[in-house]
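Undergrad: Dropping the structure in here first, questions after.
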Amino acid sequence: MSDPSKSADALSAIFERLIATHGPITLTHYMGESNTRYYGDRDPLGEGGDFITAPEISQMFGELIGLWLADIWIRAGREEPIHFVELGPGRGTLARDALRAAKRYGLEPKVHFVESSTALKDIQLATVPQAQWHHDLSTVSLYGPLLIVANEFLDALPIRQLVMTEAGWRERLVGCRDSQFIPLAGDKPMDAAVPEAMREAQVGTILETCPGAAATAYEIAGRLVDQGGAALLIDYGHDEAHTGSTLQAVRSHRRVDPFAMPGEADLTAHVDFSALVPIAESRGCRWLGTVNQGRWLRELGIETRAESLSAFAPEHAKAIQAAKDRLIGEGQMGALFKVMGLAAPHWPEGVGF
């Protein structure tokens, strides 16, 4: 594994030379290159990393996802072959827990991971050795329904921002001043790219979009319509259109300046789930709903599962209850994180929506 600090220094130098030669770069370019470098050769997860995700908090998260997938597959007719596909599978923890739970109900799918990180692939191989790896969805089998899960995947895809200036709408770019990267407004008019209702917004208003999330939703929806299946998109974000920048960076479990250390911190933005619904529906895919993670996990029985685990291992009861509260608490992950469900037109409704 390469030294992250050397990697980050190299990326900063590349950005600085690029900006000096060609002028400011787009935020999309900055975030995309930064996260490619960041995720390329490290395991950022866990207490010793930069952040922790729901599957690492408790096995209950993955187990309930596995039960949801098994339930909708059974009610859809148990079609085979069936494929489990996870986008950005982290350490493979969610898949391991979900597949274990689903197996109890006869669901034993072929496993596909969409992953680009070499470091994480090595860990995933040890956790879920039967998985097949893909760079994107295009090489996943075209035959048989797909059960797709994307947990904290969309938030790391590069965003685009437009900002209202005194001269009108402009794209938000990244420049460099005294070796410090700073956001600034470009000089090309972008009013035509803004919805008409927003054309006269107040100066300083920021509109944020994520082309990668839109493309992912479009691709998933099309595959579900063609092949059958269902998808769960789980991430932090909002289910109504918002204005303002949500770009943030995390390192060692703490917020840092997103422009301070490209390639060395995890850059993310809130997912606009409301923008993904019409994209999926445009392909004929069914939108099952978008609900708070806390409500969804309660509907699936996380409280009962926590009690069961606590009774089985009373010495861990306090930790189990704390993990449950972290996943569903309104002030923790329960309200900020959303679960969006999609399904093929002929597939049944999904529990919890």
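The values are calculated or read from the model by the stated rules, or taken from the named source; none is laboratory data. Keep in mind the model is a prediction, meaning the values are calculated, not measured. Counting neighbours? That spans all protein chains shown, and the Cβs are built from the backbone with ideal geometry, glycine included.
Undergrad: Return yes or no: is residue 185 at negative phi, outside any strand (DSSP E or B), surrounded by 13 or more Cβ atoms within 10 Å (Cβ to Cβ) and aliphatic (A, V, I, L, M)?
TA: no
Undergrad: Taking the residues in the stretch 57-87 that are modelled with pLDDT of 95 or more and part of a loop (DSSP other than H, G, I, E, B) as candidates, determine which candidate is nearest to residue 347 (Cα to Cα).
TA: Among residues in the stretch 57-87 that are modelled with pLDDT of 95 or more and part of a loop (DSSP other than H, G, I, E, B), the one nearest to residue 347 (Cα to Cα) is 77.
Undergrad: Being buried (at least 22 other Cβ atoms within 10 Å of the Cβ), more than 18 Å from the chain's Cα centre (by Cα) and free of Cβ contacts under 8 Å to residues at least 40 places away in the same chain: is that true of residue 126 here?
TA: When the stated conditions are applied, residue 126 does not pass them.
Undergrad: Name the residues in the stretch 189-211 that are charged (D, E, K, R) and either at pLDDT 95 or above or in contact with a Leu (Cβ under 7 Å, 6 or more places away or on another chain) (or both), would you?
TA: Within the stretch 189-211, 208 is the sole residue that qualifies.
Undergrad: If you go through the stretch 130-180 one residue at a time, how many are under 24 Å from residue 27 (Cα atoms), more than 20 Å from the chain's Cα centre (by Cα) and either buried (at least 21 other Cβ atoms within 10 Å of the Cβ) or of a type outside the set (Asp, Glu) (or both)?
TA: Result for the stretch 130-180: 16.
Undergrad: So, of the residues in the stretch 244-268 that are of a type in the set (A, V, I, L, M) and in contact with a helix residue (DSSP H, G or I) (Cβ under 6 Å, 6 or more places away or on another chain), which turns out to be farthest from residue 337 (Cα to Cα)?
TA: 261
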